[in-house]
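Student: I have a structure I would like to understand better, so I am pasting it below and will then ask my questions one at a time.
The values are calculated or read from the model by the stated rules, or taken from the named source; none is laboratory data. Being a predicted model, the structure only gives us computed values, none of them experimental. Glycine gets a Cβ as well: all are built from the backbone with ideal geometry, and neighbour counts include every protein chain shown. These accessible areas exclude ligands, DNA and RNA; they are computed on the full protein's heavy atoms, side chains included. Shrake-Rupley method; radii C 1.70, N 1.55, O 1.52, S 1.80 Å.
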Amino acid sequence: MDEPIDIEALQTLVQQHRAQLGLSLRAAAEQADVPFNTLARVEKGHLPDLANFTRLVDWLGLSPERFFQPQRLRTESTPDVIAFHLSRDPNLTDAAAEKIAGLVKELYGSLAARESEVKVHLRAASTFTPQASRMLADLLATMQNKLTASDTGGSTQERG
């Protein structure tokens, strides 16, 4: 995560609030009880320290949580993350880093737990009765409903 606080939102809201009140930068800083230089830096997109952040948020009349960004889900694979770090290692040549990364990827692929595959074999159409097709359709509908319910039930996990 780049910054834990959405500094762009803070910057915009501070500028808008100051403009709404018709205050100069110095007057707004005094009213918010923060140093003039701090307010000027915030309006340029810089992150204030915690004490001044709290004062600015109070001055805006907002909750501090409003500015915290949600944690991002990790989308890289483990071998990709390892390869990235190996490529940045000053003790390794590019060729050595690539070789180690290749070994890690190969080992990871062969040792990592995989989702089990489900295989379905349907009999020939002549022996697949209408009753069986209805039962299969009902089973598939039930599975779909359970999958949809688990997706909307907050089952996504954050990893980091």
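Student: What are the residues in region 107-146 that are under 24 Å from SER77 (Cα atoms) and either in a helix (DSSP H, G or I) or modelled with pLDDT of 75 or more (or both), if any?
Tutor: Matches in region 107-146: LEU107, TYR108, GLY109, SER110, LEU111, ALA112, ALA113.
Student: Also: What pairs come up if the first residue lies in region 75-102 and is over 28 Å from ALA113 (Cα atoms), the second is open to solvent by less than 80 Å² (accessible area, probe 1.4 Å), and their beta carbons are under 8 Å apart, counting only those six or more places apart or on different chains?
Tutor: Final answer for the pair search is ASP89/ALA97; LEU92/LEU86; LEU92/ILE100; ASP94/SER87.
Student: Scanning region 17-39 for residues that are open to solvent by 20 Å² or more (accessible area, probe 1.4 Å) and under 32 Å from the mean Cα position of the chain (by Cα), which turns out farthest from ILE5 (Cα to Cα)?
Tutor: Out of the qualifying residues, it is ARG18.
Student: Shifting gears a bit: Considering only residues of region 49-80 that are modelled with pLDDT under 85 and among the hydrophobic types (A, V, I, L, M, F, W, C), which is nearest to the chain's Cα centre (by Cα)?
Tutor: My answer is LEU73.
Student: Determine, yes or no, whether ARG55 is part of a loop (DSSP other than H, G, I, E, B) and of a type outside the set (S, T, N, Q).
Tutor: Taking the combined requirement at face value, the residue does not satisfy it.
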